[in-house]
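Asker: My questions all concern the structure below.
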């Protein structure tokens, strides 16, 4: 994807690509996120023009661990923000229509970030066997949130389709463990390891370019 779009992706949201393996690590992620995010909820990744990325690679590689106030000028150079939503469904095996899912509590913080930095955000909905993409504004526009039966939280739902499909995923390994929290509740952790993108939809990948921030 980076090659076709002439961009480079960098981690920006503190938990990007990091799946907690314990309650302690989960709490550390949450605390670090609160410290770093002062201008709204950070999208998980930022895409930058490849030439700009080569010139600023060392600084961009540190985005995830630097406060917003320190990196605001760099962040404004991004062409796109990616917010990743993980689903425990196999899209090809599902017996019901599947959707992008964005919690209501995340929408305004994401929009606040988007407005401040003037960088559009696209939602990447990652299933166990497929990846789909759709702009945040399209996912929530004209809809009302409804209760997610899994998380129990008000959530925006937007149907996936052939036009949102980016690629299939193969070779994903699932691992699980459980811990007991300080209240005595059993807490499960599911870890996703490996996986390769196959059957890439080049038309869908190139469609992402239409969402890029327009240079003024």
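Bear in mind these aren't lab numbers, they're just calculated from the coordinates by the rules spelled out. The shown structure was predicted, so the numbers you read here are calculated from the model rather than taken from an experiment. Every residue, glycine as well, gets a Cβ built from its backbone with ideal geometry; the counts of neighbours run over all protein chains shown.
Asker: If r is the Cβ-Cβ distance from residue 147 to residue 111 and R0 is 22 Å, what FRET efficiency results, to the nearest 0.05? Mind dumping the intermediate values first?
Answerer: Numbers: r = 21 Å, r/R0 = 0.97.
The formula returns an efficiency of 0.55 here.
Asker: Among (1) 17.4, 55; (2) 19.1, 58; (3) 16.7, 51, which is the computed Rg and Dmax of the Cα atoms in Å?
Answerer: (1)
Asker: Let me ask something else. For a label point 7 angstrom out from the Cα of residue 209 toward its Cβ, which stretches of the range 166-195 have the backbone nitrogen within less than 19 Å?
Answerer: Only 166-167 fall inside the zone, counting backbone N under 19 Å.
Asker: Can you give the FRET efficiency to the nearest 0.05 for residue 172 and residue 4, using r as the Cβ-Cβ distance and R₀ = 22 Å? Before the final figure, lay out the partial values.
Answerer: On the way: r = 23 Å, r/R0 = 1.03.
Efficiency, from the Cβ-Cβ distance: 0.45.
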